[in-house]
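> Please see the structure below; I have some questions.
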Amino acid sequence: MLIAKNWSDYELIDTGDEEKLERWGKYILRRPDPQAIWPKTLRPEEWEKADAHYLRSSSGGGDWKFTRQLPEKWIVKYKDLSFYVKTMGFKHTGVFPEQASNWDWMMDKISKARKGSHIGKEINVFNLFAYTGGATVACGAAGASVCHVDASKGIVSLAHDNMELSGLADQPVRWIIDDVLKFVKREVKRGRKYDGIIMDPPSFGRGPGGEIWKFENQIFGLIEKCVEVLSDKPLFFIINSYTTGFSPTVVENMLKMTVEKKFGGKVSSDHLGLEASASGLVLPCGIMGRWES
């Protein structure tokens, strides 16, 4: 399992009873997590110190309950990267801290490529289902040009703010609000090429035109189509998934049948996780598969 250990502004404090207690900067949040089915380590009074608690509704969804007034958004840093955090719908905060393991890996790949065989060449990265831009900021900080695609206008606006917050406003980014599969097909027709591809597809979603996305039905076709926009000597291809019920090997097999089949290279897969400071227990936080040249 890949465990993101280099945070200073984020801490997974404790987990248990299908919840997690986290520190985001100077604020403590308490959120549901269905993976944490073991008992909590800290006493109940420690959990009650949370500044905000996301409570699930019996009818679906839920709401935040605040024990003190929080700012609309605040800043957390990961190394030289900065992100806005806010209490959003569906228990989200705008940042997935476990993805830091992928950010480090991508930044290293891009930095080495710019010093090696790709010297003098612009590194182009395609970030699909790009959300608030954690990977976009990381790749931009490493010197890559990024095409950032997400179906939500509001989420893309947050990603743009994160780039500016990290001092990367002048780094080339194409901000695209569109259905991912439709946009990839248009990029194929336009003949655009990318050296790296990142995708973080949802389990289920709808595009801006009402397009329906279902992970198990459409992911393989999307990967096949993305292979068509890879450059002659691509650097990497990463797939993240939070869809329950799938092993990392599933993602690994799809990359082997598509990207590795065409370009050779190496495929690997793993779980992503975070370690709770109170117990040392690791909370699983999704899966990922990587292809690298």
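Please treat every number below as a calculation from the coordinates, not as lab data. The model shown is predicted, which means the values in this text are computed figures rather than measured ones. Virtual Cβ from ideal backbone geometry, glycine too; neighbours counted across all protein chains shown.
> Are any of the pairs LYS112/LYS193; LYS185/LYS266; LYS86/LYS112 more than 28 Å apart by Cα-Cα distance, and if so, which?
Violating the 28 Å limit, Cα to Cα: LYS86/LYS112.
> Any idea how far the Cα center of segment 182-246 sits from the one of segment 32-108, in Å?
Comparing the Cα centres of segment 182-246 and segment 32-108, I get a distance of 27 Å.
> Which angle from 0 to 90°, rounded to the nearest 10, does the C-alpha axis of helix 153-165 make with the longest principal axis of the chain?
So the inclination is approximately 90 degrees.
> Where both partners of a DSSP beta bridge lie in segment 194-255, what percent of those bridges are antiparallel, to the nearest 5? Could the numbers behind the result be given before it?
On the way: 3 of 8 bridges.
Beta bridges within segment 194-255, antiparallel portion: roughly 40 percent.
> Checking the cross-link filter: which aspartates and glutamates have an alpha carbon closer than 16 Å to that of LYS49, excluding same-chain neighbours under 8 positions apart?
Answer for LYS49, where 16 Å is the Cα cut-off: GLU11, ASP14, GLU19, GLU22, listed by chain and number.
> Is segment 2-91 best put as rounded, prolate or oblate by its Cα gyration tensor, with a ≥ b ≥ c the root eigenvalues, rounded for a/c under 1.5, and otherwise prolate when a/b is larger than b/c, oblate when not?
oblate
> On a full-extension model of 0.36 nm per residue, what is the gain between GLU216 and GLU164, subtracting their alpha-carbon distance, rounded to one decimal in nm?
Computed gain between GLU216 and GLU164 is 15.2 nm.
> Checking the cross-link filter: which lysines have an alpha carbon closer than 16 Å to that of LYS91, excluding same-chain neighbours under 8 positions apart?
Reachable lysines: LYS20, LYS65, LYS73.
> Helix 215-227 versus the longest principal axis of the chain: what is the Cα-based angle in degrees, 0 to 90, to the nearest 10?
Approximately 40 degrees, to the nearest ten.
> Going highest first, how would you order 276-287, 36-47 by mean Cβ packing within 10 Å?
Ranking, from highest mean packing down: 276-287, 36-47.
> Rounded, prolate or oblate, given the Cα gyration tensor of segment 56-100, with a/c below 1.5 counting as rounded?
It is oblate, given that a/c is not under 1.5 and a/b is not larger than b/c.
> How far, in degrees from 0 to 90, does helix 100-115 lean away from the longest principal axis of the Cα atoms of the chain, to the nearest 10?
Value to nearest ten degrees: 30.
> Name the lysines eligible as straight-distance cross-link partners of LYS261: C-alpha to C-alpha under 17 Å, and not fewer than 8 places from it in the same chain.
Excluding near neighbours in sequence, the set is LYS225, LYS233.
> Hey, another quick one. How big is the chain in terms of Cα radius of gyration and Dmax, in angstroms?
So, for the chain, Rg and Dmax equal 19.0, 59 Å respectively.
> Next question, about the same structure. Treating only the Cβ of Lys, Arg, Asp and Glu as charged (+1, +1, -1, -1), what charge dipole size does the chain show about its Cα centre? Round to the nearest 20 debye.
About 780 debye.
> Determine by what factor the alpha-carbon radius of gyration of segment 79-179 differs from 2.2 N^0.38 Å, reporting the quotient.
Here the answer is 1.05, to two decimals.
> Still on this structure: With each run of n ≥ 4 DSSP H residues scored as -39500 (n - 2.57), what mean residue ellipticity at 222 nm is computed for the chain after dividing by its residue count and rounding to the nearest 500 deg cm²/dmol?
-7500 deg cm²/dmol
> Can you bin segment 168-208 into rounded, prolate or oblate? Criterion: square roots of the alpha carbon gyration tensor eigenvalues sorted a ≥ b ≥ c, rounded for a/c under 1.5, prolate for a/b above b/c, oblate for the rest.
Oblate, since a/c reaches 1.5 and b/c is not below a/b.
> Given the options LEU81, THR67, ILE28, identify the residue whose Cα lies farthest towards the positive end of the charge dipole of segment 2-91 (+1 on Cβ of Lys, Arg; -1 on Cβ of Asp, Glu).
LEU81
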